[in-house]
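What follows is calculated from the coordinates using simple rules that are stated; it is not laboratory data. Nothing here was measured: the structure is a model prediction, and the numbers come from that model. All Cβ positions, glycine included, derive from the backbone under ideal geometry; neighbour counts span all protein chains shown.
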Amino acid sequence: MTDFFAKFYHFSGRALAVLFIASIPLSLFFWHFVSDSGELDPATEEGFAKVLNENFKEGDIIFPENDWDLDFTKKLNNKIFPVYLSLKELKSEDFEYLKEDDGRVFFLLNDPGRVETLLKKLKLREIRRFDVPKGLVLLAEDAVAATHKLLVFSRDIDKAREVYFTKKDEKRYCRLNSGGDWICAKNNWNYVGRFTAKFNGRIPERAVWAHPLSKENLNIVFDLPQGSRHLVFNSVLREAGWMSPNKAPVHVTVFADETKILEYKNESVRNSFRHKAEIPQGAKTLRIVITTNDDRQRHFTFNGYVAP
Amino acid sequence: MNFINKIGKLDIILASIVSVFVFLMIFCTRDAIGFVRDEGFYMKAANEMADWYESIERSFAEGEFAKPFSQKQTDRYFRFNHEHPPFMKELFGLSNYIFHRKLKILETGSSARLVAALFAALTALMIYLFGQIFFNRITAVTAPLLFFMMPHLFFHSHLACFDVPILFFWSATFILYIFCIKTGKLSLHIVTAVFFALAMATKHNVLFIPIILFASWLCFYFFSYRKESRSFSIKHFLTSVPKVFYFMVLISIPLYFLLWPWMWHDTVNRVGDYMIFHTKHVNYTNYYFGQELATGPFPFSFPWAMTFFTTPLPQLICFFAGVIWFCSEFKNAASAKDREASLAMISGSLFPIFLIALPSVPIFGGIKHWFTGYPLMLTAGVFFVCENLKKLVKTDRYKDVFVALVFFAAAVSLVQPNVKFAKRGPAFYNLLIGGAEGAAELRMQRNFWGYDMIDLAETLNKNAPSHSKVYIMGAYEGVNLNSFNFMREEGLVRKDLIGVNNLHDADFAFFFFEKQNENVFNEIAFEFGTAAPIAITSVDSVLYSALFRRTK
């Protein structure tokens, strides 16, 4: 055994000395010539930005394959977003909440050879390819027509009929600001408005921020479009919420006119709560009521839609 | 054994040169690095401390010597940030009191960072002395330079935080303990205990040291020391315990409480609160090979792999060499005391990493929480590599020249990565993972703490209309509002600009990329009507932060 250690010590000493010497040219070579080899060249960045500036329509979404070299965004015109940095985690079912019904998907690819695999994996149909110097922009759409959504909470929150808090007989209205958010108090967290949250644990989706107050009911009322029959309602607490020592659940109730169609507790856990409900025929309004017994870190968010 | 004899006049000169060089390198580049999240709290605490020193000055002038130490006064000045021990904040405050308030030559931020630079210099000095006393002069000169050529260490050395000071105290306590057991000098045991009190008053990490060292000593006592002396009585046991352990109880603990006036009153509850805060510390989410580490259990491999991938290659090889050298010293030790000393060095080097590797221990801040043992294994490693490099040369008179040339070349090879990551050390990944690009591709944590705004501030200062509001991402591990305000005071951000934590109110927005917060990118785009930043920061094209301007 002693002999083994002596040999190991002798060998490792020599080996480490040689490795140390080898690390010098390796470091020099890597940091001078290799460390930036994956970056996009300016012409490709220019190409990505040009294609997006000329072809992007509101409701479309963008996925760059290289999600850490974002120099191309500097050349984008206004109103060209969202840019999702999560192509690696993307699954076909994610599109339901990431884009609008008829929205298209732009993929900014470094490797044009990935097109077929990507389309197959994400169940998309190619619309068009745009060549750029060292890459490709792929424009795609859903292979099967997506569910037509009459009302999308995250998109239409500024079109809600009213948002208010009730406490016993008191009623306190929130006011719609120019940014499309319902401001309910001076606290900057006490509003109802557009936000994002990870419902699937991977990619931040569009959502509505709706922080409840202790023992008060937050009411969000929408006019239901004609033909509304199905409700899809998802909710999740943001990270600071589910990681908080406060474990008070958030109670959610949904009424179609005066009929209760959904009721559940969003426990203080990491995962999201996904529900579906039928909307009675001819119902005119949808009222979402959110409350909790302890509002500390109840960073509650929801998304979903109403379909025919 | 006389350690002092190993320090000659030349060593005093060399150690001074190395320390002063490190101090100047750190202090003169302080404005290149934005104020991190924690610094905002500590700089605010430093202001409170400076207030306390002023109150002491006033009270003493009025002949009221006890007043500043009354509960009313100590609670007033020590309440803020009382969950962390006071020593560094007291020093930051003292520097603030002298250089900011009295001499008016430094702002609050710089006065606190002056203390950080001093601790970097002390660390360089410690490494030099450790290298010279235990190894040789070439190790003593090379090790501190290689140490500060690790981008993470260079970065953290700038910060008015506790991490590099506790690294200094951690490593130095282990070194002093070895001096204690090898020399047996009473004065050294007392000095170690005093030193350990300062360490405890800096950060709680060191509370593990007596446990590790005493457990190790106990093992040696029962399996070796007791047999050597052929005595089995309790009296023998009690007289054999190294005196430093008694002094840790008799000197370190009282001195620790003396340094922390917050603990003078309601002591039991406050000590309890302190313990609870740290035993139940929240976790800060980290990305690790695409896995979101938000709640435990955390992978055992995390700190080992992060050390492997965030240490430049030459120093990483030295780490391995250092551990092998300590192990071989343990194996071949001539006496039990030497063996205990080697075990102490192994523990001092690796225990911090092992502790964070435990699945239940939260990962809150990356490598800064386990780099406390790096000086020990790096220095030993430099020596071991140095000795083996000599073996590669046959002619005696060229051996030292060859070794010096190799270390010089290693330092040259480290210039480029250090320059690239000088402003964002926590973002450094070595070539084994493919550098910044490789780490980004593999979904590793990209950066921490929203400090990375110095390059953006230039554009902001130039373009923002008067009194613009700037979203600082405070709720998402971005800039802390205190840090932002201290950067304004320092002149790094224009003084009329206002930091806000609500995107809706903002005219400009900082975006600090962390995978867990990437949603903020699109939230800014929706709110501002654009996804086109007016400035970005990057290394090798990997984006770290961006500045947006409202268009609607």
For the protein assembly as shown, just give the cysteines left without a disulfide-compatible partner, judged by no other Cys Cβ under 4.7 Å. B:C28, B:C161, B:C180, B:C219, B:C318, B:C327, B:C386
Proximal lysines to B:K462, defined as alpha-carbon separation beneath 30 angstrom and excluding residues fewer than eight positions away on the same chain: A:K50, A:K74, A:K75, A:K79, B:K44, B:K104, B:K420, B:K423, B:K495, B:K515, B:K552
By its C-alpha gyration tensor, with a ≥ b ≥ c as the square roots of the eigenvalues, how is the range B:454-549 shaped: rounded for a/c under 1.5, else prolate for a/b larger than b/c, else oblate? rounded
Whole-number D in µm² s⁻¹ for chain A, Kirkwood Cα-pair radius fed into Stokes-Einstein, 20 °C, 1.002 mPa s: 94 µm²/s
Pairs from A:K186/B:K469; A:K123/A:K265; A:K88/A:K149 whose Cα-Cα separation, in the structure shown, is over 25 Å: A:K123/A:K265; A:K88/A:K149
What is the helix-to-structure angle for A:42-55, meaning the angle in degrees between its Cα long axis and the longest Cα principal axis of chain A, kept from 0 to 90 and rounded to the nearest 10? 20 degrees
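Roughly what % antiparallel, to the nearest 5, for the DSSP beta bridges in the range A:42-142?
Percent antiparallel among DSSP bridges in the range A:42-142 is about 70.
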Acute angle (nearest 10 degrees) that the helix A:2-29 long axis makes with the longest principal axis of chain A, alpha-carbon atoms: 80 degrees
Please turn the phi angles of the range A:289-300 into ³J(HN,Hα) values with the Karplus equation 6.51 cos²θ - 1.76 cosθ + 1.60 (θ = phi - 60°), one per residue in order, whole Hz, x for glycine and proline. 10, 10, 8, 8, 8, 9, 8, 5, 6, 7, 7, 8
Sorted by packing (mean other beta-carbon atoms within 10 Å per residue), highest first, where do A:263-269, A:183-189 land? A:263-269, A:183-189
From the residues A:V34, B:F421, A:A277, which one has its Cα farthest along the dipole of the protein assembly as shown in the positive direction, the dipole being from +1 and -1 charges on Cβ of Lys/Arg and Asp/Glu about the Cα centre? B:F421
Under 24 Å from B:K235, Cα to Cα: lysines that are on another chain or at least 8 residues apart: B:K182, B:K185, B:K227, B:K243, B:K337
If you count, for every residue in A:5-15, the Cβ atoms of partner chains within 10 Å of its Cβ, what is the mean? 4
Students often check this: by mean Cβ neighbours within 10 Å, which of B:3-15, B:294-306, A:13-25, A:117-129 ranks highest, and how do the rest follow? A:13-25, B:294-306, A:117-129, B:3-15
Under the rule a/c < 1.5 gives rounded, and otherwise a/b versus b/c splits prolate from oblate, where does the protein assembly as shown land using the Cα gyration tensor? prolate
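What does the structure give for B:410-422 when I average, per residue, the other chain Cβ atoms found within 10 Å of the residue Cβ?
Details: counts 6, 1, 3, 10, 5, 3, 6, 4, 1, 1, 3, 0, 0.
The per-residue average across the peptide is 3.
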Which of A:G103, A:I61, A:G135 sits farthest toward the positive end of the charge dipole of the range A:42-142, with +1 on the Cβ of Lys and Arg and -1 on the Cβ of Asp and Glu? A:G135
Going through the DSSP H helices of chain B, which span 20 Å or more along their own axis at the Cα atoms while scoring at least 1.6 as a mean Kyte-Doolittle hydropathy? B:9-28, B:186-200
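What's the magnitude of the charge dipole for the protein assembly as shown around its Cα centre, counting Lys and Arg as +1 and Asp and Glu as -1 at the beta-carbon? Answer in Debye, nearest 20.
Numbers: 95 positive and 84 negative charges, 388 e Å.
It comes to approximately 1860 debye.
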Going by average Cβ neighbours within 10 Å, how do the peptides B:140-147, B:343-350, A:54-61 rank, with the highest at the top? B:140-147, B:343-350, A:54-61
For A:F195, what is the net charge nearby, where nearby means another residue's Cβ is under 9 Å from its Cβ and Lys, Arg count +1, Asp, Glu -1? +2
Just checking the output field for B:381-388: average partner chain Cβ neighbours within 10 Å of each residue's Cβ? 4
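Give the shape of the range A:151-307 as rounded, prolate or oblate, defined through the alpha-carbon gyration tensor: a ≥ b ≥ c are the square roots of its eigenvalues, a/c under 1.5 means rounded, and otherwise the shape is prolate if a/b is larger than b/c and oblate if not.
It comes out rounded by the Cα gyration axes.
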